[in-house]
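What follows is a set of notes on a single structure, which appears directly below.
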Amino acid sequence: MTVKPDFQKPVEMMQTLMSMQANAIGKTIELQKKNSEELMAFFQAEVEKAKTLKTPEDVVKFNVDANTKLFNLIKAQGEAFTQFATQASQTAMAELQKLAK
């Protein structure tokens with residue numbers, strides 16, 4: 001008597017992994033799009049502000065303020081990616097552990 005190998009569990013695991021990967025890629029693209037839109041809006045607003053500058057002191061203050069805002073914006077965007085990556089990793093490990101049982 002021959003025993004047929006059971007491919008059900010490996011196939012389910014592969015399908016789950018591929019689904020998680022597709023979901024993660026989709027969310028990453030959404031985050032990138034949101035970040036791009038935020039950066040574009042930031043630079044457009046700063047261009048408008050720069051048009052009103054009159055003195056060298058205004059330029060220096062504007063430059064410091066704009067760079068501080070830009071740094072904080074990029075920092076927040078990086079933190080959002082880090083949070084997403086951590087969550088996606090934890091979700092993937094939990095799913096894999098469920099499938100491994």
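Anything in the range 1-36 that is of a type in the set (Lys, Arg) and exposed (fewer than 11 other Cβ atoms within 10 Å of the Cβ)? List them, or say none. Scanning the range 1-36 gives Lys4, Lys33. Within the range 44-57, being part of a helix (DSSP H, G or I) and surrounded by 11 or more Cβ atoms within 10 Å (Cβ to Cβ) holds for Ala45, Glu46, Lys49, Ala50. For the range 87-101, the candidate set comprises residues that are more than 22 Å from the chain's Cα centre (by Cα) and not charged (D, E, K, R); within that set, the residue that is nearest to Glu12 (Cα to Cα) is Leu99.
Quickly run through the range 7-58 and pick out the residues that are farther than 26 Å from Thr91 by Cα and among the charged types (D, E, K, R). Steps first, please.
Within the range 7-58, the subset farther than 26 Å from Thr91 by Cα is 36-58.
Those that are farther than 26 Å from Thr91 by Cα and among the charged types (D, E, K, R): Glu37, Glu38, Glu46, Glu48, Lys49, Lys51, Lys54, Glu57, Asp58.
Is it the case, given these coordinates, that Ala66 is under 25 Å from the mean Cα position of the chain (by Cα), modelled with pLDDT of 95 or more, exposed (fewer than 13 other Cβ atoms within 10 Å of the Cβ) and part of a helix (DSSP H, G or I)? Answer is no for this residue.
The values are calculated or read from the model by the stated rules, or taken from the named source; none is laboratory data. Source: prediction; values computed, not measured. Neighbour counts are summed over all protein chains in view; Cβ atoms, including those assigned to glycine, are modelled from backbone coordinates with ideal geometry.
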